[in-house]
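Contents: one structure, followed by commentary.
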Amino acid sequence: MLREEVSLAELAVADVVTAALDGEEPWDPPTAGELIVLLAALVDLKSRRLVGEDEDDLEPDAEAEEVRERLAQRLIAYAPFARAAAWLRDHDGAAGAVRYRRVPLDDAAAAPVRGEPALLAAAMDRLLREPPVPSLAHLNTGRVNVTELIHRLRAALRAGGAVSFEGQVAGGGPLREGTTLLAALELAHRGEAVLDQPVPFGDIEIRRSRPAGPAPGGGA
Amino acid sequence: MNGLARAVEALLFLSPEPLPLDRLADLTGEAPGFVERALGELEERHHAGTGLELAEVAGGWRLRTRADLGEICDRLRARPPEERLSPAALETLAVVAYLEPIGRPEISRLRGVSADATVALLAERGLLEEAGRAEGGGAMRYRTTRAFQERFGLRGPGDLPPLERFELTGEEAAEIRRRLAEDGHLPAPGEGEA
């Protein structure tokens, strides 16, 4: 601010805030607090200038004086780094444009030096070979449609009047057992079937509860 | 040029990083004193009229192109590899170079503005690198890199002018205070004294 001789009246507080917040990460509380105190002092000074009050008539504000003193001390403390930056600018090799080799030696040496056609062909063959098609079997494991099972169970009941649960799931896995049970429960819920399990954990008998007719709700 | 100087020249030509004297001695199997003499011979050989120069930077020796050839050397690349640094970037580098390792909050506090974006940019350009966190946690700290030393022609991490050299004299500090007072940031000297 001072180095560039900007008048206080011309200084936009919003620009200062924008410059201070140009990072993406959150501020830590001490830095943010210090910035807010300095901005408050700046706004105070600006408002006094803009209103045109005679500063001699104003009561000295001890807190504002302290902040101003800190501002001065900060400028004085920071000055060596600003000068060191100027020294760096004067010694910037990019400005002088010296250039260094940058390619890692291993990468540079990796290029074939002598022609060995057979070796090169073998290397290219490995690169050009189609990789094996990845298996998607895990994405296509058995899918069971409960609605379809309800239809099949209903048809079996119409044909025989009663079916065995174990007979329905014979050869199937736990998924088939679970979904068949859901289908049976659904038919029982609709009043189309009665489930009977005389022995705990034994087979479930699924009986048709009424003569064949249109299913309530027009089918599942 | 003797055989050792030729060998050293070849090693420096190939190496993408500075080669310290003892490394050159290991590679050539010669005593460091002889290698030093060979380096002197190389320095004479690469005089101002040649395209390459021998430089001691970043803890070792390197062959590099001369500054006046930078523009033509950059035609080899798709874009210039090292862009100029903004004043904010140079000041941030100066702070880190003298106080490393140092975290972004401390840099921001010292500079009075957020240094996050500038530090990220300098790290991206390879001039700063992470230096771990302080014991007990806290923000990531940063330090300058070998690329920084090479770019600014430093022989090693501490090869900077002493910071005291840049400190304000009493007169200069008084001048700053006078200008602050003129701008209304500080009471005029003598004002407010009972």
Cα extents of the stretch A:145-215 per principal axis, largest first, Å, are 31, 28, 20
In terms of the charge dipole of the stretch B:86-156, which places +1 on Lys and Arg and -1 on Asp and Glu at the beta carbon, the residue among B:Gly137, B:Ala94, B:Pro105 farthest towards the positive end is B:Ala94
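Quick one: plug the Kirkwood hydrodynamic radius of the stretch B:92-160 (C-alpha pairs) into Stokes-Einstein at 20 °C, 1.002 mPa s, and report D in µm²/s.
178 µm²/s
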Fewest to most Cβ atoms within 10 Å: B:Met140, A:Met124 sort as A:Met124, B:Met140
Shielding of B:93-106 by other chains, given as the mean Cβ count within 10 Å, works out to 3
What one gets for chain B as the Kirkwood radius, inverse of mean 1/r over different Cα pairs in Å, is 20.3 Å
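Taking neighbour Cβ counts within 10 Å as the exposure measure, how do A:His151, A:His138 sort from fewest upward? Don't skip to the answer; put the middle values down first.
Values: A:His151 15, A:His138 6.
Ordered by Cβ neighbours within 10 Å, fewest first: A:His138, A:His151.
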The stretch B:124-149 and the stretch A:142-177 have their Cα centres apart by a whole-number Å value of 67 Å
By the mean-Cβ-within-10 Å protection proxy, highest first, B:124-135, A:193-204 rank as B:124-135, A:193-204
Whole-Hz Karplus couplings 3J(HN,Hα) for the stretch A:35-41, θ = phi - 60° and coefficients 6.51, -1.76, 1.60, Gly and Pro as x, run 4, 4, 4, 5, 5, 4, 5
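All of the numbers you see were taken from the coordinates with simple rules; none came from a lab. Source: prediction; values computed, not measured. Here the Cβ is made from the backbone with ideal geometry for all residues, glycine too, and neighbour counts use every protein chain on show.
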